[in-house]
1. Which whole-number percent is the relative contact order of region 361-509 (Cα, under 8 Å, 6+ apart)?
2. Going down the table (323/409; 439/489; 204/451; 206/323; 168/489; 350/451), which pairs top 29 Å between alpha carbons?
3. Could the peptides 222-230, 299-307, 381-389 be put in order, highest first, of the mean number of other beta-carbon atoms found within 10 Å of their residues?
4. Radius of gyration and Dmax for region 340-481's Cα atoms, expressed in Å?
5. Report the calculated FRET efficiency for residue 261 and residue 49 (r = Cβ-Cβ distance, R0 = 30 Å), to the nearest 0.05.
6. Along the positive direction of the dipole of region 340-481 (beta-carbon charges: Lys, Arg +1; Asp, Glu -1; about the Cα centre), which of 440, 473, 381 reaches farthest?
7. If R0 is 60 Å, what FRET efficiency do you get for residue 463 and residue 292 from their C-beta distance, rounded to 0.05?
8. Which order, highest average first, do 209-221, 192-204, 441-453 follow once you tally other Cβ atoms within 10 Å for each residue and take the mean per peptide?
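Where a number appears in this text, it was derived from the coordinates with a stated rule and is not lab data. Quick caveat, the model's predicted, so the values are computed rather than measured. Using ideal geometry, Cβ is built from the backbone for each residue, glycine included, and neighbour counts are taken over all protein chains shown.
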Amino acid sequence: MTSVLQGFSKSLAMTVLSEIGDKTFFAAAILAMRHPRRLVLSGCLAALIVMTILSAVVGWAAPNLVSEYAHFSLNLSWESEELAEVEAKLDADWKKPDGATKKGEKVDDDMKKQNRPFLSQFFSPILLKAFSITFFGEWGDKSQIVFEDVFAALDPCTLEQLKELSSKRRVIEETINDTSSITEAIAREMSGGLTSKAEQDLHKLKEYLPLLGNLIFHLDAISRNRQVIHWISNLRIQWSSALGSSLSLLNLMGAKYFQLNNIRFELGMTLFLYGAILRERACEISPVALVQSATLFREAAGVYLYLSQEVLPSFHSANAGQKPPEATSSVASVMNLICLADAQAVTIRKAEEKKATVGLLAKLHYGVAEFLIEASGILYSGNEEVKDVSPRLFEYVSSFKSLHELRSKRYLAQDLQALGQVGLSIGILREALNSAAKKIPGEESWRLIIKEEIDGVSEALAKLERENEFVWHEKIPSSDELPLPQGSKIVSAIPYQPMRYERQLVFKI
């Protein structure tokens with residue numbers, strides 16, 4: 001008797017917790033708002049009874065029919081589209097044109113009765129609609145293939161937390177894939193009034209990461225248990241790469257998928273995404289809020305530094321070809337340096353607003369170049385981890401570096417001219433133009449930026465050469481005699497502090 005009660009109570013609790021908030025829940029709610037509630041209730045109950053009986057039969061006959069796995073992919077979120085389609089169909093039934101005469105309505109009703117499907121002759125169409133929506137919504141419900149399906153919860157609280165983790169994960173999938181049916185107004189309310197999409201995405205990730213961290217914390221405590229090892233071995237989490245050789249920078253819609261049966265792979269990829277969106281938000285506000293933008297770039301740098309030092313080294317057992325570039329310490333280190341270069345570049349704009357000396361600006365610009373020289377060293381090191389990185393990332397780093405080297409030399413030339421060293425100033429500008437001409441980017445946007453900078457340096461050089469010819473008559477030193485540029489790095493990463501919700505998780509082991 002005790003086992004019967006225990007089985008009943010657990011199945012009741014788990015079913016209630018797993019069904020609240022799924023698509024059939026909302027479909028039933030929408031139907032009940034628009035049609036007689038008794039008919040809707042009857043249809044939904046009938047569908048659930050049939051589904052429960054089928055589930056129990058399958059569970060009795062083939063306990064191993066459904067394998068335990070979690071398949072997460074950034075391109076498989078179509079549940080919200082289905083629900084939107086259901087609601088659209090219901091809207092079409094609800095919003096019918098007015099203006100028909102009573103006689104015409106009576107004729108239409110008679111025609112409808114004659115043309116009804118067979119079952120509609122005996123049951124209300126509303127009841128059948130509620131039954132079909134609920135039945136087919138429950139049949140093969142993808143919400144079953146989630147964290148709670150992989151890890152066996154011992155109590156309802158653990159199940160609820162695993163369900164919450166899966167729910168937060170689905171929200172992120174829908175956001176990245178742009179498949180969410182939620183309107184902008186609702187998204188703004190759900191994120192506490194945030195209007196920027198990047199801010200809304202950051203809000204979602206900040207809700208998901210502590211839950212994921214809590215799961216990893218509890219799994220680490222029992223990581224040697226055979227059952228836990230079995231669960232994790234069946235955990236098939238997939239991500240597409242943003243930095244693969246055939247993909248554009250930070251475009252999370254790539255076609256190639258990578259799978260590692262490691263829960264830390266999910267953490268690493270999610271943190272990489274978090275850093276990318278922090279950087280996106282920093283770029284978004286840089287025209288109007290330089291200090292805040294620099295802070296966000298430094299926070300992103302801290303995320304990538306944490307990834308490269310604390311999270312990704314645990315993936316050393318996987319071959320480089322078996323994991324995306326984002327899941328390697330080398331690429332995380334490159335992104336850390338790029339974000340620091342971004343932060344310093346924004347800081348320079350603030351320094352220019354405050355009329356900093358040209359000598360200081362020259363050092364700051366070369367400081368940006370030094371961050372990127374270090375990043376280039378990693379990318380061109382021949383390391384196995386960077387062999388599949390997109391060429392566009394290489395070009396981005398190279399173009400970014402060339403731009404700030406050119407600006408640094410332009411400011412250095414101005415500083416030397418102010419000190420009366422016109423010959424040295426001319427020599428530096430000539431060397432800057434020769435160097436820039438060898439590194440013209442292939443991408444149109446960078447080519448235009450570099451060309452504009454080259455035009456400015458060329459104009460300044462032509463002016464100085466005329467002055468030197470008629471006034472100063474100074475000797476122009478060779479490239480070997482020119483002073484080496486000096487850089488100054490004034491920004492550092494803001495350390496990432498991982499958050500974890502301290503909620504007890506108990507598993508059936």
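1. On the way: 132 pairs, mean separation 48.9, N = 149.
Relative contact order, region 361-509: 33 percent.
2. Numbers: 323/409 40 Å; 439/489 24 Å; 204/451 40 Å; 206/323 25 Å; 168/489 39 Å; 350/451 24 Å.
With Cα atoms farther than 29 Å apart: 323/409; 204/451; 168/489.
3. Values: 222-230: 12.1, 299-307: 25.4, 381-389: 15.7.
Top to bottom by mean Cβ count within 10 Å: 299-307, 381-389, 222-230.
4. 16.6, 57
5. Values: r = 37 Å, r/R0 = 1.25.
So, using R0 = 30 Å, E works out to roughly 0.20.
6. 473
7. Numbers: r = 38 Å, r/R0 = 0.63.
The formula returns an efficiency of 0.95 here.
8. On the way: 209-221: 17.8, 192-204: 16.3, 441-453: 13.6.
So the peptides 209-221, 192-204, 441-453, ranked by packing, come out 209-221, 192-204, 441-453.
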